[in-house]
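*Asks:* Quick one: the structure is below, questions incoming.
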Amino acid sequence: MNIIQNLDEWQAIRESIPNSDSIGFVPTMGCLHQGHASLIKQSTADNALTIVSLFVNPTQFNNNSDFQNYPITFDSDCELANRYGADYLLVPDKQAMYPDGNKIGFSINHEFAKILEGEYRNNHFNGVLTVVMKLLNLVRPQQLYLGEKDYQQYVLLDHMVKNYFIPTRVIMCPTIRDASGLALSSRNQRLSEKEQHLARQFAQLLHQCSASSLEQTKQAMIDLGIQPEYLEVHNDRLFAAAYIKDVRLIDNILLTENENVNLDA
Ligand code: AMP
């Protein structure tokens, strides 16, 4: 696996890749775990080349301390990406990604970007769409792999790709969970043992929750010492965000076998 930090070097490499080689792309913010590994595995199974990016994108953080405390585990990230078959690991810095300081970023007006994460994290999706658009232009993949764990992000990125006529197929990969049902997340690393126990209880409550028991579930979380931010059902999918101390966790679960949200329909 080649680790590339310089974007000029990457663009020269990208030019030399024959059009016949299909490229799969897995954008990440690092601190890689088995959730990321599942995306990389799917990409290596589907494509001749797999590119993974590792960039903690400052423009998608609404809270500076969340950004400052985002876990960085560079050596083990390289090891994991390599182990699961990535061909290139792109690790650009902020100056390279935002040479103009983000003066030409997205400003999304879609209603689906204003609820859930969009409601509680000001500018979050503007930052996500901006950085992924930049990365897609750098990588020009045939396939983009995203996790169901961030379902709202997947729906909005899929919408962006279609509405900007980007020739990339967006593939959603299922959420990887631990044995208790807790979705793997880089932020779980910041939880103490006692808080991890709470996080597992949070996941169990979500798995028992239905559209008619939202208020009871919220109260059960509060009683345990978890601070729910939202617990809502949209299109038969349960969405949750909660704080365990200062660590914010999100998850979502499809309550029925209904279709996924399609903003283009
Ligand atoms: P992140 O590094 O958190 O920005 O995530 C990078 C990609 O990995 C996103 O597409 C996430 O949805 C996906 N991802 C993160 N956690 C999981 C998980 N537990 N299962 C599946 N995909 C995940």
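*Asks:* Those residues that are within 11 Å of the ligand (Cβ to nearest atom), aliphatic (A, V, I, L, M) and in contact with a helix residue (DSSP H, G or I) (Cβ under 6 Å, 6 or more places away or on another chain), I need them from segment 125-147; list them, please.
*Replies:* Scanning segment 125-147 gives Val128, Val132, Leu146.
Quick grid of which residues meet (1) more than 28 Å from Pro99 (Cβ to Cβ); (2) under 15 Å from the mean Cα position of the chain (by Cα); (3) of a type in the set (A, V, I, L, M):
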position	(1), (2), (3)
Leu129	no, yes, yes
Met133	no, yes, yes
Tyr145	no, yes, no
Asp150	no, yes, no
Asp158	no, yes, no
Asn163	no, no, no
Ile166	no, no, yes
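*Asks:* Also, quick follow-up: Based on what the data block shows, is Asp150 within 23 Å of Arg14 (Cβ to Cβ), assigned to a helix (DSSP H, G or I) and within 13 Å of the ligand (Cβ to nearest atom)?
*Replies:* No; evaluated as a whole, the condition is false for this residue.
*Asks:* Out of all the residues in segment 84-99, which are over 9 Å from Met1 (Cα atoms) and not aromatic (Phe, Trp, Tyr)?
*Replies:* Passing the criteria: Leu90, Val91, Pro92, Asp93, Lys94, Gln95, Ala96, Met97, Pro99.
*Asks:* In contact (Cβ under 8 Å) with a residue 24 or more places away in the chain, in contact with a His (Cβ under 6 Å, 6 or more places away or on another chain) and over 30 Å from Arg14 (Cβ atoms): is that true of Gly225 in this structure?
*Replies:* The answer is no for Gly225.
*Asks:* Right, something else. Given the conditions (1) more than 16 Å from Leu136 (Cα to Cα); (2) touching a residue at least 40 places away in the same chain (Cβ under 8 Å), report the number of the one that Leu7 does not fulfil.
*Replies:* (1)
*Asks:* Pull up segment 189-203, narrow it to residues that are within 16 Å of the ligand (Cβ to nearest atom) and not aliphatic (A, V, I, L, M), then point me to the one that is surrounded by the fewest Cβ atoms within 10 Å (Cβ to Cβ).
*Replies:* For segment 189-203, the residue satisfying everything is Gln189.
*Asks:* Anything in segment 189-201 that is under 21 Å from the mean Cα position of the chain (by Cα) and polar (S, T, N, Q)? List them, or say none.
*Replies:* Gln189, Gln196
*Asks:* Taking the residues in segment 178-188 that are over 18 Å from Met221 (Cβ atoms) and within 16 Å of the chain's Cα centre (by Cα) as candidates, determine which candidate is nearest to the ligand (Cβ to nearest atom).
*Replies:* Checked segment 178-188; the qualifying residue nearest to the ligand (Cβ to nearest atom) is Leu184.
*Asks:* Something else now. Considering only residues that are surrounded by fewer than 19 Cβ atoms within 10 Å (Cβ to Cβ), in contact (Cβ under 8 Å) with a residue 40 or more places away in the chain and away from the ligand (no atom under 15 Å from the Cβ), which ones fall in segment 15-43?
*Replies:* Ser22
*Asks:* For residues that are without any contact (Cβ under 8 Å) to a residue 40 or more places away in the chain and out of contact with any helix residue (DSSP H, G or I) (no Cβ under 7 Å at 6 or more places or on another chain), scanning just segment 44-54, find the one that is farthest from Arg140 (Cα to Cα).
*Replies:* Across segment 44-54, the extreme among qualifying residues is Ala45.
Table: residues versus (1) modelled with pLDDT of 95 or more; (2) within 24 Å of Val161 (Cβ to Cβ); (3) buried (at least 19 other Cβ atoms within 10 Å of the Cβ).
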position	(1), (2), (3)
Ala220	yes, no, no
Glu229	yes, no, no
Glu232	yes, no, no
Glu257	no, no, no
Asn260	no, yes, no
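*Asks:* Can you confirm whether segment 167-175 contains a residue that is buried (at least 17 other Cβ atoms within 10 Å of the Cβ) and over 16 Å from Pro27 (Cβ atoms)?
*Replies:* yes
The values are calculated or read from the model by the stated rules, or taken from the named source; none is laboratory data. Just so you know, these numbers come straight off a predicted model, no measurement behind them. Glycine gets a Cβ as well: all are built from the backbone with ideal geometry, and neighbour counts include every protein chain shown.
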